[in-house]
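What follows is a single structure, written as structure tokens, with notes after it.
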Amino acid sequence: MSQGTRSPNTRRVVVVGAGIAGLAAAHTLRSVPDEGMPEVVVLEASSRSGGLIRTENTTQGMVEWGPEGLFATPPMRATLGDLGLDVITPNTSSSGSMLALGGRLRPLPLQLVRGSVPPPSAVVDLVRHGVLRPRDVLRILAEPALSLRRRPPDTLASTYSHLLGRRAMERLMAPFAEGVLGAPADRLADSVVPRPAGRSLLMASLRSRTSTASGGMVTVVGGMSRLVDALAEALDVRLNTRVITIHQAGDRYEVVTDDRVIDADVVIMATPPPTTARILEEVAPRVSAALATVTMTSSAVLQVNAVRSDGSSIESFPSGGWLAAPEENPLIAAGSFVGHKWPHLGCPGRVRVIIRRPDLLSDEDELLIARALDETEQLLNVCTRRDTAQLHRSQSSLPMRAPATAAQIQLAKAALPPSMHLAGTAETVVGVSAAFASGLRAATAVQQEATRTAGRSGGLLSAERSGNESGANSQQQKQCQ
């Protein structure tokens, strides 16, 4: 095996994983002024960067197999601008969502799609559309008083059943949990949906004056993979490079791949928890043990072109998509009218559905496609063009934030060796913007660490390490100091 070499007097940061979090961390570190810029190497085991982000140009037009968009948080917008990437907002007539319940679609308030409790006026509308009963609304109105009682952390299902009532939890929060977060509400921690400390959810929804456009959903012109390509463009990304383990060598690390050992001052782990646990088993056994407890969930995405049974365009649906009520045990957890929602895709009749049921994901592709198309046609009253159906599976792709997971991640972070950081799914974040923010945090921690190190060493630490790599003996190192 050959030893990776570096430029003299330059710190090297090795980022393991070229998903959006790893790329964000590497891009940020490479954007500092020249005098403080470290050498950054990104190692990716697969043949492509981007993780779950995957844009494909097919005979049916452009297809997003991973996230179809992102929330335009201020850091995300700033980076998109710096990279020269244009963005598109969804079609204005597709801003709402619906609930698949009782064999038909029922309107949902936009707040529910984002995991928030809607204001009372929207809750009353849910009664009109048959989602809730009048007594369910009365139960929800008791939430401000119940919020004053402190409860220990629990599952999303338990906490929101307490706050809103069982029926409201099943119809409002459980569809969001399975359709967006990828796991049942009774297996997710209540912390996955942020709550205002010491405040009522209902009162917070009344006080909130944030517009739906602020920090709203956008997608990248030309496909989400353009974001990946732009972040990776100026980086040293080494694809098909599997990291086997990491050794600690004094105050440095040796990152062992299939064919070489790469010397590093800093390591950022931006790989899924099981992969991170395997790589860190020797160098950080407590971190490895904590991350090994994280459960990963799988899914499949099916896209197909469709028209309504009466011959009208599928664009006539007054929403961007739907979430399914888990109580009815549907095959499809969520769906999106992507062709109408994102006109730039060039296929107005395209529907995208997400399948998460573990008991059916083991089916062969042909059977899974047939079942999903049958359910789609029945629910939407559409005719699908079955020859356009395309299926993409994501095995063990999303971390499940169970009640114990947050504590395990905190234990893992506390047990990290010096100059080692977690980012992205390694710390169980979900979503493009959240993963991006996680990568920024890791890069900021590395920069702060470098500043402290430079202050303690008088700027000579890198020179000493360069002497180590060139094979200088201990006496020569002392002379260098």
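The values are calculated or read from the model by the stated rules, or taken from the named source; none is laboratory data. None of these values were measured; they are calculated from a predicted model. Cβ placement follows ideal geometry from the backbone for every residue including glycine, while neighbour counts extend to all protein chains displayed. Ligands, DNA and RNA are excluded from the accessible area calculation, which covers all protein heavy atoms including side chains. Shrake-Rupley method; radii C 1.70, N 1.55, O 1.52, S 1.80 Å.
Would you please report the Å³ per residue occupied by the convex hull of the alpha carbon atoms in segment 290-413? Don't skip to the end; give the middle numbers.
Working: hull volume 16.6 nm³, N = 124.
Hull volume normalised by residue count: 134 Å³.
Expressed in nm to one decimal, what extension gain is obtained for the pair Leu138 and Asp387 from 0.36 nm per residue of sequence separation less their Cα-Cα distance? Mind dumping the intermediate values first?
On the way: separation 249, 0.36 × 249 = 89.64 nm, distance 4.86 nm.
Answer, rounded to one decimal: 84.8 nm.
So if each residue of separation counts as 0.36 nm, and I subtract the Cα-Cα distance between Arg308 and Glu449, what length gain in nm does that give? Mind dumping the intermediate values first?
On the way: separation 141, 0.36 × 141 = 50.76 nm, distance 5.81 nm.
Extra length from Arg308 to Glu449 when fully extended: 44.9 nm.
With Cβ to Cβ distances under 13 Å as the rule, what net charge do the other residues near Ser158 carry (K, R +1; D, E -1)?
The answer is -1.
For Glu56, Glu44, write out the residues from largest to smallest accessible area, computed with a 1.4 angstrom probe and no ligands counted.
Values: Glu56 75, Glu44 30 Å².
Largest to smallest exposure gives the sequence Glu56, Glu44.
By accessible area of protein heavy atoms, probe 1.4 Å, what ranking do Lys341, Lys413 get, highest first? Walk me through the numbers before you get to the answer.
Values: Lys341 35, Lys413 80 Å².
Ranking Lys341, Lys413 by accessible area, largest first, yields Lys413, Lys341.
Work through the residues other than Arg385 whose Cβ is under 12 Å from its Cβ and net out their charges, Lys, Arg +1 and Asp, Glu -1. Please report the intermediate quantities before stating the final value.
Details: positive: Arg350, Arg386; negative: Glu377, Asp387.
Here the count lands on 0.
Where the accessible area of segment 248-333 is counted over protein heavy atoms with a 1.4 Å probe, how much of it, in %, is carbon and sulfur? It would help to have the intermediate numbers written out before the result.
Details: 1430 of 3030 Å².
C and S atoms contribute 47 percent here.
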